[in-house]
1. Just checking, does the range 185-195 include any residue being part of a loop (DSSP other than H, G, I, E, B) and at pLDDT below 75?
2. Kindly indicate whether any position in the range 202-214 is open to solvent by less than 30 Å² (accessible area, probe 1.4 Å), aromatic (Phe, Trp, Tyr) and within 24 Å of ILE484 (Cβ to Cβ).
3. Being of a type outside the set (Asp, Glu) and either touching a Lys or Arg at 6+ places or on another chain (Cβ under 7 Å) or surrounded by fewer than 17 Cβ atoms within 10 Å (Cβ to Cβ) (or both) narrows it down to one residue among ILE357, ILE372; which is it?
4. Determine which member of the set VAL322, VAL342 is farther than 30 Å from ALA270 by Cα and within 21 Å of the chain's Cα centre (by Cα).
5. Name the residues in the range 244-279 that are of a type in the set (Phe, Trp, Tyr) and either within 14 Å of SER353 (Cβ to Cβ) or touching a Pro at 6+ places or on another chain (Cβ under 6 Å) (or both), would you?
6. Would you check which residues across the range 375-410 are open to solvent by less than 50 Å² (accessible area, probe 1.4 Å) and small (Gly, Ala, Ser) and list them?
7. Take the residues in the range 68-91 that are polar (S, T, N, Q) and under 23 Å from the mean Cα position of the chain (by Cα), then tell me which one is farthest from GLY25 (Cα to Cα).
8. Somewhere in the range 123-131, is a residue within 24 Å of VAL34 (Cβ to Cβ) and of a type in the set (Phe, Trp, Tyr)?
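The values are calculated or read from the model by the stated rules, or taken from the named source; none is laboratory data. Predicted, not measured: the structure shown is a model, and the values here were computed from it. All Cβ positions, glycine included, derive from the backbone under ideal geometry; neighbour counts span all protein chains shown. Note: accessible area is taken over every heavy atom of the protein model, side chains too, but ligands, DNA and RNA are not part of it. Shrake-Rupley method; radii C 1.70, N 1.55, O 1.52, S 1.80 Å.
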Amino acid sequence: MSSLLSEPSAVPKRSNAKADDPIYGAQRPRILTVPDTGLSSAGQEAVDLARRAGLHLDPWQQFVLDQGMREDEAGNWAAFEVCVNVPRQNGKGGIIEARELWGLFLGGEQLILHSAHEFKTAKQAFKRIERLIRGCPDLHKRVKAYRYTVGEEAIELHTGQTLRFIARSGSSGRGFTGDCNMLDEDMILGDDAMSALMPTMAAVANPQIWYLGSAGIGSPSVHLARLRRRALAARETGVPDPSLAYFEWSINAHATECGPGCTDHDAADATESVLKANPAVGYRLTLEKTERERLSMSADGYARERLGVGNYPSDAADTWSVIGEDAWRALGDGTSSMADPVAFAVDTTPERSHTAICAAGANGTATHVEVIDHRPGTGWAVDRLIELVEKWKPCAVVIDTGGPAASLIPAAKKALEKIGKGDVLIEMKTREAAAACGQFYDGVSEQRIVHLDQAPLATALAGADKRPVGDGWAWARRGVSVDISPLVGVTHAAWGHAERADVEPEGAPNLW
């Protein structure tokens, strides 16, 4: 089992399937990261116990329990935090109930706290698990009391283990030391609730916290957004988060910049999109029902509730984390320009949604960096690059062979050779990309970089992060919504200028 997966396929039909056989939703999430320290799992115990209580779990639910309840070599949870982000009515409640039954009857967890944003949701959860336990004589006989006091619903065993149900608030959960916290409706989970609940686990030897809900709804989803950013960072770098297991069923929706022929994103009206985002199709959901929803709901509502397309707030603490905003703004000069020779660089986003062509050149003893062109897609980039090269005769054109723009190298090389400028192309290696980042960072720190304070570049810096490359680092983004191609472009252009500025092409005109 790989510890980091991205887009596994839906459960296929049998090889001898008939046309009217059921179609199943994807049983693996589009976004997935689990710690790579898990050696064994208590998940199967939870699945088997749930079955004894009459709760039969879908394959995707079993997968979440298997991965979320993995244990390291010391017998502790590999994932301290487990997050399940799945559209409504898919069956996340079954995962909650199976995990709580295991903790109560098999895991020896002394206190399990189940919280929801609203009291009525917590009370419904209490009634569901009570029915499961009462329906299984072997479990029911171990219960000392079912407590029905409003706001203090609980199930207590003769051996002392307790499952409590509470509604979240700034104070609920304070004073309780929970072995396991189950946070339902995690799309409404802010800092106050986390400040109240997280310390309850500090004194526990082997705690675990589960977040379960659907797509983000904006500012109330501040904590879910943090968890999601960690999962996306793990997917981006290929390095699993060391303490988070994250499962998200959703589509990669079209952006506003997408053209009519875009095939890189998922269409909201496609059957494949419903299957990708809804693992319960074929079990408790049908394509007919989801189509009725699509026709009745608003486009945004359907995308959020059925396709998992969320609105996730940014975290101010997570922005400008590599180069401070004040330091960058201080280097901005609306009148800055650059002299011959200049260097160009091209970069694009991994999804190929946007491409940037950037330039760097001398401004006295400093290096001026500038975003020359920044547009959706990639198809325009080589033609525009050749236009710039013919006009300005640069000393270098830099494209990273290890980056997403590497696919443009063959076309760029052919076009440059056609105009007799093949020698200006630098096919940057990974170690050179790391060196470029170090040079750029030093240039900002030592105030040897100047710029025009362009918005795309500032936005890129605000959402940029580092990823390790050998003993150095290269630029990374905090999430798929961040476009750092302008930042990568100016960084590589500045490096190319430093490498080649002393080799000035004949006939280069004065620039700007």
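1. Checking the range 185-195: not a single residue is part of a loop (DSSP other than H, G, I, E, B) and at pLDDT below 75.
2. No, the range 202-214 contains no residue that is open to solvent by less than 30 Å² (accessible area, probe 1.4 Å), aromatic (Phe, Trp, Tyr) and within 24 Å of ILE484 (Cβ to Cβ).
3. Result: ILE357 is the single residue among ILE357, ILE372 that is of a type outside the set (Asp, Glu) and either touching a Lys or Arg at 6+ places or on another chain (Cβ under 7 Å) or surrounded by fewer than 17 Cβ atoms within 10 Å (Cβ to Cβ) (or both).
4. Of VAL322, VAL342, the one residue that is farther than 30 Å from ALA270 by Cα and within 21 Å of the chain's Cα centre (by Cα) is VAL322.
5. Matches in the range 244-279: PHE247, TRP249.
6. Correct list: GLY377, ALA381, ALA396, GLY403, ALA405, ALA406.
7. Applying the filter and picking the extreme gives ASN85.
8. no
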